[in-house]
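Have a look at the structure below before the remarks.
The values are calculated or read from the model by the stated rules, or taken from the named source; none is laboratory data. Computed from a predicted model, the values in this text were never measured in an experiment. Positions of Cβ are backbone-derived with ideal geometry, glycine not excepted, and every protein chain shown enters the neighbour counts. Accessible surface is based on the protein model in full, side chains and every heavy atom, while ligands, DNA and RNA are left aside. Shrake-Rupley method; radii C 1.70, N 1.55, O 1.52, S 1.80 Å.
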Amino acid sequence: MVYRLSLLLVVFMAAAISIASEDKEIYVVHMDKAKTTALDNILGDSKKWYEVVMDSITELSAEEDGVEEASAPELLYTYETAITGFAARLSNRQLETLNKVEGFLSAVPDEMLSLQTTYSPQFLGLQFGKGLLTSRNLANDVIIGFVDSGIWPEHASFKDAGMKRPVPSRWKGVCEEGTRFTAKNCNRKLIGARAYYKGYEAAAGKIDETVDFRSARDSHGHGTHTASTAAGHMIDGASIFGMAKGVAAGMSCTGRIAAYKACYARGCASSDILAAIDQAVSDGVDILSLSIGGSSQPYYADVLAIASLGAVQHGVFVAAAAGNSGPSSSTVVNAAPWMMTVAASTMDRSFPAIVNLGNGETFDGESLYSGTSTEQLSLVYGESAGGARAKYCSSGTLSSALVKGKIVVCERGINRGVEKGQEVEKAGGAGMLLLNTASQGEEIRVDPHVLPASSLGASASKSIRNYISSGNPTASIVFNGTVFGKPAPVMASFSSRGPALLEPYVIKPDVTAPGVNILAAWPPTVGPSGIKSDNRSVLFNVISGTSMSCPHVSGLAAIIKGAHQDWSPAAIKSALMTTAYTLDNKKAPISDTGSESPSATPFAHGSGHVDPEKASNPGLIYDIGYEDYLYYLCSLKYSSSEMATLSRGNFSCPTDTDLQTGDLNYPSFAVLFDGDSHNNSATYKRTVTNIGYPTTTYVAQAHEPEGVSVIVEPKVLKFNQKGQKLSYKVSFVDSGEKSSSSDSSFGSLVWVSSRYSVRSPIAVTWQ
């Protein structure tokens, strides 16, 4: 799949396009691992298994066509760690012959996917030198791999000052040389960098090296931003135009970084992404951070899900962006249960740009403009600014005669906010008000404007439109810098929502983390707005998206991994989920800018907002092994060939056991009822492992969803030692008393001891 980088931050593209060239297409081909290993053993040093497969395809194609010689497939990549297979350009005939190749499992077309801080650690409750961020925990060599748009290696966030420990001896990665990238760009912080572009160039043509690089160097900014958010070095005095000023530090500021570039100007080819993930796992990363995503597909057809399962099998924790297609329901992506799916929410930091209307009304907007406030000036909008099309302030729509010296009111849409400001400035305007529509709600994503400007929520925007129609409107904009203390977290309206479209058997997303207006490292050659005409140079930038929330969790997982090196990926995930909170800093339920409901649901924030300090000591964990995930896939009734693609051909579903999806040992409960019946019930089993006090007792507290009775057996769990496992069953019974018109209702099950509170959300959906 290909993801368009320009849309990654706040827009999610679900459309997938096949990558074709002449009469051939690029396919990702999955092979049976046991068969390829056996073939390599037979061949010894004479050939590799994939060379034999290429020869077989060529020979079989010639036979089918009745010719002596046929063109050979063009091999792009081989995959041997996270998945087993290859990517190649194949004709229709060559594709057909794969069915005769021993070990062949499946083939899917290559597609294009799109990409999906000074204050974050403090907002998350982290304090350097205390708790999780002690020298003992930070000294552990946890390696985070980023599959993204690359990295700007010279940035101060990636310097290794103070990192005296050598690169871990287990590390097998390299610093690949390429355009404007040499081995000297790596150090003890940035320990590896590679670039993958064969699939991209096959689809989009050769990379234009006047605007991008055939190397790990970042020409977009996205990869630099995500890497520094997760593991950037501590930088004092970081800001953008003096705003959000403070000490910038990644969540795991002493963590090691490995950058795998697979995303370019027009997107990210799935064959390149697979090559990057496969190599990252082989190199020895502990954490994979994937701020990318595609459309919803069954797991056996989802290359990210397949590769991530292989990564988890090798002990790698995988965090992934939930997507930016909210607030519509069932838009969440990267929803496989072995992936940590991260939603986006706000922090309590704001950048006030107060709008004072001539009628005395005052509205709170936000802006990254750092200049002086305006005087009270005339407002122009639409017809009064140049015509009906002028309300969007797009290119050529504003009249200089009508706009000069005035504040122009612009609607969101068509072009970016900063581009609208450039049009206003070009026409001689003195300022801009950027209005949200009702569907865009109260969420404000700040922009680095080139002139005095304020972005406003839907309710303020409606009042301003009404005021303009009253005649002779005026306004001023007053800038108040950086302010803290607003209610937070609040769910971002763009953050994709559950339930998962195709496999809604676990609650997704899993958690939420800061993803709105996040300050992090930025290449100095890329303007802060990301548009070509923006020639300003900054070292830090503020952007929004689940691409920003994902690396927060990647970094937190790295810290927890450093503190608990024997924890599995599922254990880390469980700890982050069961300790997440659902109340904001004002002790009210987390709200949702994309919903009319007064509070957000688990389909918006999953288990809640991450709390890293509590996650480091959760009391109980719900652990899941690789085979447990395979049994879960069996419960989905996948065919033997579909299971072979996911397991690489070495697993058969049991035929003597009645598997149900709800028995996966997941730290949340997704319950599906028949909407045409009131005689619904389901019983699920869970097993928890005691990692808290050796001798402790937990009591179950069920907060029942509307219309559902929750019965837990046993209601008390008594542990006698650390590491002990105990199981329980929980039954959900449709009481027939649900009064709301919603298809879903929500609750929670909490295991409470004298020290711990281990919470799992419940989502019941009547289908």
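Determine, from the Cβ-Cβ distance of Lys164 and Asp566 and an R0 of 35 Å, the FRET efficiency 1/(1 + (r/R0)^6), rounded to the nearest 0.05.
Approximately 0.90, to the nearest 0.05.
Using 20 Å as the Cα-Cα cut-off, could you pick out the over-long pairs in Lys245/Lys486; Lys33/Lys637; Lys587/Lys715; Lys245/Lys406?
Lys33/Lys637; Lys587/Lys715; Lys245/Lys406
Taking the Cα centre of each part, how many Å lie between the range 469-517 and the range 626-705?
33
Measure off, as a whole percent, the carbon and sulfur share of the 1.4 Å-probe accessible area of the chain, all protein chains present.
Of the solvent-accessible surface of the chain, carbon and sulfur hold 48 percent.
Take the Cβ-Cβ distance between Ser46 and Glu154 as r, set R0 to 60 Å, and report the resulting FRET efficiency rounded to the nearest 0.05.
It comes to 0.85.
Largest first, how would Leu435, Leu659 line up by accessible area (1.4 Å probe)?
Most to least solvent-accessible, the answer reads Leu659, Leu435.
Name the residues whose placed amide hydrogens come within less than 5 Å of the amide hydrogen of Val708, ignoring near sequence neighbours (fewer than 5 apart) on the same chain.
Amide H neighbours of Val708, under 5 Å, 5+ apart: Ser735.
Given the protein chains as shown and a 1.4 Å probe, how many square angstrom of Trp49 are accessible, to the nearest 10?
0
Test of understanding: what is the full-extension gain from Ala265 to Thr657, defined as 0.36 nm times their sequence separation minus their Cα-Cα distance?
In short, 136.2 nm is gained.
Quick one: which residues, 5 or more positions from Phe673 or on another chain, have an amide H under 5 Å from its amide H? H modelled 1.01 Å from N in the peptide plane, none for Pro or chain starts.
Residues meeting the criterion, in which the H sits 1.01 Å from N, are Thr765, Trp766, Gln767.
Which of the cysteines found in the chain have nothing to pair with, since no other Cys Cβ lies under 4.7 Å from theirs?
Cys253, Cys550
With an 8 Å cut-off on Cα pairs and a minimum separation of 6 or more residues, tell me the relative contact order of the range 498-638 in percent.
After rounding, I find 28 percent.
For the chain, what does the accessible surface come to per residue with a 1.4 Å probe? Please give it in Å².
About 37 Å² of surface per residue is accessible.
What distance in nm lies between label points placed 7 Å from Cα along the C-beta direction at Asn679 and Lys725?
3.6
For the range 459-576, what is the convex hull volume of its Cα atoms per residue in Å³?
Cα-based convex hull of the range 459-576, divided per residue, equals 229 Å³.
Defining a contact as two alpha carbons under 8 Å apart and six or more residues distant in sequence, what relative contact order in percent does the range 352-481 show?
Result for the range 352-481 is 35 percent.
Measuring from label point to label point, each 7 Å out along Cα→Cβ, what is the Glu596 to Val752 span in nm?
3.5
Determine the gain in length on full extension of the stretch Tyr693-Thr372; use 0.36 nm per residue of separation and subtract their C-alpha separation, reporting nm with one decimal.
109.8 nm
Out of all DSSP beta bridges in the chain, what portion is antiparallel? Express it as a percent rounded to 5.
65
Return the whole-Å distance between the Cα centroid of the range 193-228 and the Cα centroid of the range 298-339.
Spelled out, the Cα-based centre of one part sits 23 Å from the other.
Using the basic label-point model (7 angstrom from Cα toward the beta carbon), what is the Arg536 to Lys206 distance in nanometres?
It is 3.7 nm.
HN-Hα J couplings of the range 482-495 from phi, Karplus 6.51/-1.76/1.60, θ = phi - 60°, integer Hz, Gly and Pro as x?
10, 10, 10, x, 6, x, 6, x, 10, 5, 6, 5, 6, 5
What net charge do the residues around Met54 carry, taking every other residue with its C-beta under 11 Å from that of Met54, with Lys and Arg at +1 and Asp and Glu at -1?
With Lys, Arg at +1 and Asp, Glu at -1, the neighbours total -2.
Determine, from the Cβ-Cβ distance of Tyr631 and Val483 and an R0 of 35 Å, the FRET efficiency 1/(1 + (r/R0)^6), rounded to the nearest 0.05.
0.10
Could you bin all the Cα-Cα distances of the range 352-481 into 10 Å bins starting at 0 and give me the percent of pairs in each, rounded to whole numbers?
Pairs per bin, as whole percents: 15, 53, 32, 1.
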